[in-house]
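S.K.: The following block contains the structure, expressed as structure tokens.
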2 protein chains.
Amino acid sequence: MKGSVNFTPGPSQLYFTVEDHMRQAFREGIPSLSHRTKTFEGISKHTVGGIRQILGIPDHFHIVFTSSATEIWERIVQNLVEEKSHHFVNGAFSKRFHEIALQLNRKPTKTEVPEGEGFKSADKQQTELIALTQNETSTGVMLPMDFIHSFRETHPDSLITVDAVSALPYPVFDFSKIDSLYFSIQKGFGLPAGLGVWIINDACVTKAERMQAKGISIGSYHSIPSLVSHASKNQTPETPNVLGIYLLGKVVEDMLRRGIDMIRKETEYKAAILYHALQQHELINPFVQDKAFQSKTVIVADTGTHTERIKTFLEAHGLSPGDGYGKAKASQLRFANFPAHSKEQFELLVDTLAKYSG
Amino acid sequence: MKGSVNFTPGPSQLYFTVEDHMRQAFREGIPSLSHRTKTFEGISKHTVGGIRQILGIPDHFHIVFTSSATEIWERIVQNLVEEKSHHFVNGAFSKRFHEIALQLNRKPTKTEVPEGEGFKSADKQQTELIALTQNETSTGVMLPMDFIHSFRETHPDSLITVDAVSALPYPVFDFSKIDSLYFSIQKGFGLPAGLGVWIINDACVTKAERMQAKGISIGSYHSIPSLVSHASKNQTPETPNVLGIYLLGKVVEDMLRRGIDMIRKETEYKAAILYHALQQHELINPFVQDKAFQSKTVIVADTGTHTERIKTFLEAHGLSPGDGYGKAKASQLRFANFPAHSKEQFELLVDTLAKYSG
């Protein structure tokens, strides 16, 4: 709803400064800027530098742009999987990634648990690539960092890829324990949709080159070698979403100014008060019961038969929750907890929920 | 150059109304609108309807969104070519499409002529798909409509695909003579980059389904069946560039109000006066000599050793030409002639060029 706080987990509430940056972009001629200019290269360098800083990405990781995280799923399979990837599936998005591997004629395997649950232990099965969804946007399950970081030891020969689409910039990764990380900008970064960011190390580049040398097609303009070679010159293979790259750089700069530690602390505070409110409420429960798996950035409420009424009640207070995903639309509401959502908005949300009594 | 008229053939001069529409988009909450809403479906329907009307596209053609025309090259090969496509190559972009077919492990063939030239006759060789570049952005060669429309008769069993990236909405196609047409929005439609539009008929859908039934991978989220099935519900498989789809619909609406016939007539007038000026000039010539192949929408000037000086001279008058493409950067300038470029701007360009005397 227009004018309301948008708690949908992506596209979500815009970061506070986006509209001002958009106005400035028009003043600077960014919407019609040719991507084959020094000006664009400067913008691209600034954005990549900001992402590197805010997420603590080591120099030996490359940062490249795609059009969406959905595209990145396809590029991962094309470039990094000759035959078998192994997917940890616990919701609609992790499941979709597994399906994409099937559609690209690979033979993916999976460890699947019911929606709303996490995983007990890392599978011992060896595979070319481990696909982890750090934050399952459909169900609000966040995998513990220890779990994600455990694969390097148990699967030394596998590439470890992490979907953190609806969690970044909140989580802190140990980049020595993963090979690839990715997100899209319409979630935690609070920007208009239309850009994916893919972070990949040299092991990924080597794997793609080895597949190519074997005569396997790894795609064309958005193959890893093509993306990385253009990125080394602050360029892109195709005409990209120039405006998206510009706005992302500006918002990351704002977030760095505010301080990523502060943003992370506020994320934890906001998550804590909302989970507490859900736990205390007589008619509502957190969907994810096990605290170890409760997402800090996408909080799913089990609202049962009250779903429509709670939604209407919140909207009357200027608070627009996200629907439950897929079949859960009738029985759940989702609340994004992104840097664009202020403490005050979360406090209002919690107070308003407390007032709802059926 | 900021504040100048941008004659680069894409990203190019913004259409007059884009900034106003962007402001309105923020007022309506479009930049953070969820794509899984009725509001988005309404926007998508409006945009597709506008494109259908302005280009005269029959109902049995589907209109779907990708992230760029570069992506469409890849999707065409993935979905429509089992083994052999045949490419008419006369510049950097038609050449790149042929390369993409090679990178996707097909066995494409080509008819190649030197840059700046068109083709004498349609090759008789039978193939699965004919790839035509109606307007070669790198050289300013536009293929005559008769040539494009001749393939249906000579190649009844081939799918005929037409790249009109830097020409639309100017050219008028006979949709009974082609199977697919595509463009990106940062050229003739005068919008920020980050969206491709792909127009496909049922013969393309059938071919993709037949390939899939044979066990050939046709991609995943952006396979033709996936794109078309989502489009039938005014939806997209992934989170798309929502803002781009909204803005395109608004600009097309503006163009329809102004009248596409008027836009086409003005395009012809502007092209005529610029070609005349280049022909008359002592130091400058049109790069494309044969009038039958001179593009109306991307006009390339052979500026030889005067290139840098002419560029500086024009920029001093608030006119920013596009560089020559690739190696031609040192000896050519390119002038986009899109609906965003007014008659007055072209008259100023012509007058200013006439004043340049070395």
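The values are calculated or read from the model by the stated rules, or taken from the named source; none is laboratory data. What you see is a predicted model; the values in this text were computed from it and never measured. Note that each Cβ is placed from the backbone with ideal geometry, even for glycine, and that neighbours are counted across all protein chains shown.
S.K.: Just to be sure before I move on: is A:Q345 polar (S, T, N, Q) and either buried (at least 20 other Cβ atoms within 10 Å of the Cβ) or not in a helix (DSSP H, G or I) (or both) in the structure I sent?
M.R.: Details: polar (S, T, N, Q): yes; either buried (at least 20 other Cβ atoms within 10 Å of the Cβ) or not in a helix (DSSP H, G or I) (or both): no.
No, not satisfied.
S.K.: Right, another one. Residue check: is B:S68 buried (at least 21 other Cβ atoms within 10 Å of the Cβ), away from every other protein chain (no Cβ under 12 Å) and touching a residue at least 40 places away in the same chain (Cβ under 8 Å)?
M.R.: Details: buried (at least 21 other Cβ atoms within 10 Å of the Cβ): yes; away from every other protein chain (no Cβ under 12 Å): no; touching a residue at least 40 places away in the same chain (Cβ under 8 Å): yes.
Spelling it out, it is not the case that B:S68 is buried (at least 21 other Cβ atoms within 10 Å of the Cβ), away from every other protein chain (no Cβ under 12 Å) and touching a residue at least 40 places away in the same chain (Cβ under 8 Å).
S.K.: Could you check the range B:11-43 and list, in sequence order, the residues that are more than 7 Å from chain A (Cβ to nearest Cβ), within 23 Å of A:G188 (Cα to Cα) and among the hydrophobic types (A, V, I, L, M, F, W, C)?
M.R.: Of everything in the range B:11-43, those that are more than 7 Å from chain A (Cβ to nearest Cβ), within 23 Å of A:G188 (Cα to Cα) and among the hydrophobic types (A, V, I, L, M, F, W, C) turn out to be B:A25, B:I30, B:F40.
S.K.: Going residue by residue through the range B:87-95, is there one that turns out to be within 10 Å of chain A (Cβ to nearest Cβ), in contact with a strand residue (DSSP E or B) (Cβ under 6 Å, 6 or more places away or on another chain) and free of Cβ contacts under 8 Å to residues at least 60 places away in the same chain? Reasoning before the result, please.
M.R.: Here is the first cut: in the range B:87-95, the ones within 10 Å of chain A (Cβ to nearest Cβ) are none.
The answer is no, given that none of the residues of the range B:87-95 is within 10 Å of chain A (Cβ to nearest Cβ), in contact with a strand residue (DSSP E or B) (Cβ under 6 Å, 6 or more places away or on another chain) and free of Cβ contacts under 8 Å to residues at least 60 places away in the same chain.
S.K.: Here is a follow-up. Being within 11 Å of chain B (Cβ to nearest Cβ) and surrounded by fewer than 23 Cβ atoms within 10 Å (Cβ to Cβ): is that true of A:P237 here? Before you say what the answer is, go through the steps one by one.
M.R.: Details: within 11 Å of chain B (Cβ to nearest Cβ): yes; surrounded by fewer than 23 Cβ atoms within 10 Å (Cβ to Cβ): yes.
Considered against the rule, which asks whether it is within 11 Å of chain B (Cβ to nearest Cβ) and surrounded by fewer than 23 Cβ atoms within 10 Å (Cβ to Cβ), A:P237 comes out as yes.
S.K.: For the range B:215-234, which residues satisfy the criterion of being among the small types (G, A, S), under 18 Å from B:A69 (Cβ atoms) and more than 8 Å from chain A (Cβ to nearest Cβ)? I'd like the intermediate steps shown before the answer.
M.R.: Our first condition is that a residue be among the small types (G, A, S); within the range B:215-234, this holds for B:215, B:217, B:219-220, B:223, B:226, B:229, B:231-232.
Retained after the next criterion (residues that are under 18 Å from B:A69 (Cβ atoms)): B:219, B:223, B:231.
Within the range B:215-234, B:A231 is the sole residue that qualifies.
S.K.: Then there's this: Looking only at the range A:29-84, which residues are farther than 15 Å from A:V197 by Cα and of a type in the set (S, T, Y)?
M.R.: A:S32, A:S34, A:T37, A:T39
S.K.: Report, ordered by the first and then the second residue, all pairs with beta carbons closer than 7 Å, sequence separation of six or more or different chains, a first member in the range B:267-278 that is of a type in the set (D, E, K, R), and a second member that is surrounded by 21 or more Cβ atoms within 10 Å (Cβ to Cβ) and part of a helix (DSSP H, G or I).
M.R.: What qualifies is B:K270/B:F346.
S.K.: Further question on the same structure: Considering only the range B:261-280, I want to know if a residue exists there that is buried (at least 19 other Cβ atoms within 10 Å of the Cβ), assigned to a loop (DSSP other than H, G, I, E, B) and hydroxyl-bearing (S, T, Y).
M.R.: Looking through the range B:261-280, none of the residues is buried (at least 19 other Cβ atoms within 10 Å of the Cβ), assigned to a loop (DSSP other than H, G, I, E, B) and hydroxyl-bearing (S, T, Y).
S.K.: Is there a residue being of a type outside the set (F, W, Y), away from chain B (no Cβ under 14 Å), more than 20 Å from the chain's Cα centre (by Cα) and at negative phi anywhere in the range A:171-184?
M.R.: Of the range A:171-184, the ones of a type outside the set (F, W, Y) are A:171-172, A:174, A:176-181, A:184.
The next check asks that each one be away from chain B (no Cβ under 14 Å); those that pass are A:171-172, A:174, A:176-181.
Next, from what is left, pick out any that are more than 20 Å from the chain's Cα centre (by Cα): none.
No: zero hits.
S.K.: Moving on to the next point. Just to check your reading of the model, which residue among A:K311, A:K327 is modelled with pLDDT of 95 or more, in a helix (DSSP H, G or I) and farther than 16 Å from A:Q13 by Cβ? Working first, answer last.
M.R.: On the way: A:K327 fails: modelled with pLDDT of 95 or more.
The unique qualifying residue is A:K311.
S.K.: Looking at A:R27, A:R75, A:R23, which one is outside any strand (DSSP E or B), basic (K, R) and within 22 Å of A:A208 (Cβ to Cβ)? If you could, list the steps in order and put the result at the bottom.
M.R.: On the way: A:R27 fails: within 22 Å of A:A208 (Cβ to Cβ); A:R23 fails: within 22 Å of A:A208 (Cβ to Cβ).
When all the criteria are applied, what remains is A:R75.
S.K.: So if I check each of A:A316, A:A340, which one is within 30 Å of A:R96 (Cβ to Cβ) and outside the structural domain of A:G140 (by TED's automatic domain parsing)?
M.R.: Numbers: A:A316 fails: within 30 Å of A:R96 (Cβ to Cβ).
Checking each option against the conditions leaves just A:A340.
S.K.: Taking B:T8, is it facing chain A (nearest Cβ under 10 Å), closer than 30 Å to B:S138 by Cβ and in contact with an Asp or Glu (Cβ under 8 Å, 6 or more places away or on another chain)? Lay out the reasoning, then the answer.
M.R.: Working: facing chain A (nearest Cβ under 10 Å): yes; closer than 30 Å to B:S138 by Cβ: yes; in contact with an Asp or Glu (Cβ under 8 Å, 6 or more places away or on another chain): yes.
Yes; evaluated as a whole, the condition is true for this residue.
S.K.: If you don't mind, another one. Could you please find all residues in the range A:25-50 being touching a Phe, Trp or Tyr at 6+ places or on another chain (Cβ under 9 Å) and surrounded by fewer than 17 Cβ atoms within 10 Å (Cβ to Cβ)?
M.R.: Passing the criteria: only A:E28.
S.K.: Then there's this: Can you pull out the residues in the range A:204-213 that are out of contact with any strand residue (DSSP E or B) (no Cβ under 6 Å at 6 or more places or on another chain) and in contact (Cβ under 8 Å) with a residue 40 or more places away in the chain? Lay out the reasoning, then the answer.
M.R.: Looking only at the range A:204-213, we keep the residues that are out of contact with any strand residue (DSSP E or B) (no Cβ under 6 Å at 6 or more places or on another chain), and these are A:205-213.
Of everything in the range A:204-213, those that are out of contact with any strand residue (DSSP E or B) (no Cβ under 6 Å at 6 or more places or on another chain) and in contact (Cβ under 8 Å) with a residue 40 or more places away in the chain turn out to be A:V205, A:K207, A:A208, A:M211.
S.K.: Inside the range B:298-313, can you point out the residues that are buried (at least 20 other Cβ atoms within 10 Å of the Cβ) and either assigned by TED's automatic domain parsing to the domain that holds B:G190 or out of contact with any Phe, Trp or Tyr (no Cβ under 8 Å at 6 or more places or on another chain) (or both)? Before you say what the answer is, go through the steps one by one.
M.R.: At the first step, the residues of the range B:298-313 found to be buried (at least 20 other Cβ atoms within 10 Å of the Cβ) are B:298-303, B:307, B:310.
Result: B:T303, B:T307.
S.K.: Counting only residues that are free of Cβ contacts under 8 Å to residues at least 40 places away in the same chain, away from chain A (no Cβ under 14 Å) and surrounded by 13 or more Cβ atoms within 10 Å (Cβ to Cβ), how many does the range B:315-327 have?
M.R.: 1
S.K.: Let me confirm something: among A:I216, A:I245, which residue is in contact (Cβ under 8 Å) with a residue 24 or more places away in the chain, of a type outside the set (S, T, N, Q), surrounded by 21 or more Cβ atoms within 10 Å (Cβ to Cβ) and in the same structural domain as A:L129 (by TED's automatic domain parsing)? Full working, then the answer.
M.R.: Working: A:I216 fails: surrounded by 21 or more Cβ atoms within 10 Å (Cβ to Cβ).
A:I245 is the lone residue from the list that is in contact (Cβ under 8 Å) with a residue 24 or more places away in the chain, of a type outside the set (S, T, N, Q), surrounded by 21 or more Cβ atoms within 10 Å (Cβ to Cβ) and in the same structural domain as A:L129 (by TED's automatic domain parsing).
S.K.: Name the residue that is nearest to the other protein chains (Cβ to nearest Cβ), counting only residues in the range B:190-214 that are in a helix (DSSP H, G or I) and polar (S, T, N, Q).
M.R.: Of the residues in the range B:190-214, the ones in a helix (DSSP H, G or I) are B:202-213.
Subset that is polar (S, T, N, Q): B:206, B:212.
Working: B:T206: 19, B:Q212: 9 Å.
Among residues in the range B:190-214 that are in a helix (DSSP H, G or I) and polar (S, T, N, Q), the one nearest to the other protein chains (Cβ to nearest Cβ) is B:Q212.
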